[in-house]
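Trainee: I have a structure I would like to understand better, so I am pasting it below and will then ask my questions one at a time.
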Amino acid sequence: MKTITLMRHAKSSWKDAGLNDLDRPLIQKGLSRTRLIVDHLKDKDFKPEYIITSNALRATETAGIMAHAFGIDNEFVRVEKLLYTADADSYYDHCFDLPEKITHTLIVGHNPAITNFANFFLKEKIDYLPTSGIVSIVFATDKWENIPISGGKVTLLVYPKMFK
């Protein structure tokens, strides 16, 4: 079995209008909401071994929080510039070259692509995945190259407002 967990980056700042979109940092609300998600996931059998993240600062900061929370070393965190502008189909592409010993990868990205990818598998479609939201999809295969044809099943959908 292979698992892909999709996570939208945490809430970020729009305070500085002159700041390049790639350079927008997380705000305190984003950090707090991500901690809520982490606390919830620690009570579940949630154990990603690898993280693939967009190169946007808000995504790399979110990925760093998750790596720290789940004990993932930097060598197992990959920054992918193309995730910043990716479409839903390309989310698969970023998993094909993962080592087969990895069974669970976390992808930190952006709307609309991350929502569109999640909607391939959700029975009840969502309009958007909220910031710090998580969708885990399990695939009935032992090879990353087979995930597009192995029928993914959603096993987890959580977002911060569920815990208020």
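Trainee: Take TYR84, TYR50 and order them by how many other Cβ atoms sit within 10 Å, fewest up front.
Mentor: TYR84, TYR50
Trainee: Return one number: the angle in degrees, 0 to 90 and rounded to the nearest 10, between the long axis of the Cα atoms of helix 57-69 and the longest principal axis of the Cα atoms of the chain.
Mentor: The two axes meet at around 60 degrees.
Trainee: For the range 103-164, which chymotrypsin sites (Phe, Trp or Tyr not before Pro) are in a loop by DSSP, counting at most 16 other Cβ atoms within 10 Å?
Mentor: Those that pass, being in a loop and sparsely packed, are PHE120, TYR128.
Trainee: Sticking with this one: Using a Gaussian network model of the chain with C-alpha springs under 10 Å, which one of LEU82, LEU19, LEU41 is most mobile by mean-square fluctuation?
Mentor: Top of the fluctuation ranking is LEU19.
Trainee: If each of PHE76 and THR155 carries a label point 7 Å out from its Cα toward its Cβ, how far apart are those two points in nm?
Mentor: With each label placed 7 Å out from Cα toward Cβ, I get 1.5 nm.
Trainee: Within the chain, which is the longest segment containing none of the GluC sites (Glu not before Pro) that sit in a DSSP loop and have at most 16 other Cβ atoms within 10 Å?
Mentor: 1-99
Trainee: In addition: Which shape class applies to the range 1-48: rounded if a/c is under 1.5, otherwise prolate when a/b exceeds b/c and oblate if not, where a ≥ b ≥ c are the square roots of the Cα gyration tensor eigenvalues?
Mentor: Oblate, since a/c reaches 1.5 and b/c is not below a/b.
Trainee: Taking 4 °C and 1.567 mPa s as the conditions, I'd like the Stokes-Einstein D for the range 2-163 in µm²/s, using the Kirkwood hydrodynamic radius from alpha carbon pairs.
Mentor: 83 µm²/s
Trainee: Taking θ as phi - 60°, what are the ³J(HN,Hα) couplings along the range 28-42 by the Karplus curve (6.51, -1.76, 1.60), each to the nearest whole Hz, with x for Gly and Pro?
Mentor: Result, ordered by residue: 4, 4, x, 5, 4, 5, 5, 5, 4, 5, 4, 4, 5, 5, 5 Hz.
Trainee: Okay, next question. Mind listing the long-range amide H neighbours of VAL77? Cut-off is under 5 Å, sequence gap 5 or more, other chains count too, H placed in the peptide plane at 1.01 Å from N.
Mentor: Correct list: ILE51.
Trainee: Continuing with the same structure: For the chain, what is the mean residue ellipticity at 222 nm derived from helices alone (per DSSP H run of n ≥ 4: -39500 (n - 2.57); sum divided by total residues; nearest 500 deg cm²/dmol)?
Mentor: -7000 deg cm²/dmol
Trainee: Listing MET1, MET7 from the residue with the fewest other Cβ atoms within 10 Å to the one with the most, what is the order?
Mentor: MET1, MET7
Trainee: Calculated FRET efficiency, TYR92 and ASP127, Cβ-Cβ r, R0 22 Å, to nearest 0.05?
Mentor: For TYR92 and ASP127, the calculated efficiency is 0.50.
Trainee: Let me ask something additional. Could you compute Rg(Cα) / (2.2 N^0.38 Å) for the range 14-80, with N its residue count?
Mentor: With N residues counted in the range 14-80, Rg over 2.2 N^0.38 Å equals 1.20.
Trainee: If you don't mind, another one. Which entries of LYS125/LYS161; LYS2/LYS101; LYS81/LYS101; LYS11/LYS164; LYS11/LYS153 have Cα-Cα distances beyond 21 Å here?
Mentor: Too far apart for the 21 Å limit: LYS81/LYS101; LYS11/LYS153.
Coordinate-derived values only; no laboratory data. What you are looking at is a predicted structure, and each value in this text was computed from that prediction instead of being measured. Cβ: placed from backbone, ideal geometry, glycine included. Neighbour counts: every protein chain shown.
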